[in-house]
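Q: Mind looking over this structure? Questions follow.
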Amino acid sequence: AHFRRLFQEALGIPLHRYILNARLEQARKLLGTTDIAIFRIAEECGFSSQSHLTASFNAAHAATPAEYRANIRRSP
């Protein structure tokens, strides 16, 4: 509890949010730069399932991982 409080005071966000943001950022990079299947990206980024990644990604980016990947590929 003490560490969590110090962490939040230092960075302004809870530790679990920081970790989730780091996992989502890694997933975003992999979606944009590789053809790895989304379920594999979920595993590599520490999500318990593809649906967990999808729900978290959609909440953060207003798009599913598949939608994000499709949009990135359409952009020049």
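The values are calculated or read from the model by the stated rules, or taken from the named source; none is laboratory data. Since the structure is predicted, the reported quantities are computational estimates derived from the model, not experimental observations. Note that each Cβ is placed from the backbone with ideal geometry, even for glycine, and that neighbours are counted across all protein chains shown. Note: areas computed on protein heavy atoms with side chains; ligands, DNA, RNA excluded. Shrake-Rupley method; radii C 1.70, N 1.55, O 1.52, S 1.80 Å.
Q: Test residue 8 against the stated conditions and say whether it is in contact with an Asp or Glu (Cβ under 8 Å, 6 or more places away or on another chain) and assigned to a helix (DSSP H, G or I).
A: Considered against the rule, which asks whether it is in contact with an Asp or Glu (Cβ under 8 Å, 6 or more places away or on another chain) and assigned to a helix (DSSP H, G or I), residue 8 comes out as no.
Q: Looking only at the stretch 34-76, which residues are assigned to a helix (DSSP H, G or I), more than 24 Å from residue 17 (Cβ to Cβ) and among the β-branched types (Val, Ile, Thr)?
A: Across the stretch 34-76, the qualifying residue is only 72.
Residue-wise test of (1) modelled with pLDDT of 95 or more; (2) open to solvent by 100 Å² or more (accessible area, probe 1.4 Å); (3) out of contact with any strand residue (DSSP E or B) (no Cβ under 8 Å at 6 or more places or on another chain).
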position	(1), (2), (3)
4	no, yes, yes
13	yes, no, yes
22	yes, no, yes
28	yes, no, yes
39	yes, no, yes
43	yes, yes, yes
46	yes, no, yes
69	yes, no, yes
74	no, yes, yes
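Q: Condition first: outside any helix (DSSP H, G or I) and out of contact with any Phe, Trp or Tyr (no Cβ under 7 Å at 6 or more places or on another chain). Can you find one or more residues in the stretch 15-28 that meet it?
A: Scanning the stretch 15-28 turns up no residue that is outside any helix (DSSP H, G or I) and out of contact with any Phe, Trp or Tyr (no Cβ under 7 Å at 6 or more places or on another chain).
Q: Would you pick out the residues in the stretch 21-46 that are farther than 23 Å from residue 11 by Cα and in contact (Cβ under 8 Å) with a residue 24 or more places away in the chain?
A: Selection gives 31, 32, 38, 41.
Q: Given the criterion of a type outside the set (Ser, Thr, Tyr) and in contact (Cβ under 8 Å) with a residue 12 or more places away in the chain, identify the matching residue among 61, 16, 52.
A: 61 is the lone residue from the list that is of a type outside the set (Ser, Thr, Tyr) and in contact (Cβ under 8 Å) with a residue 12 or more places away in the chain.
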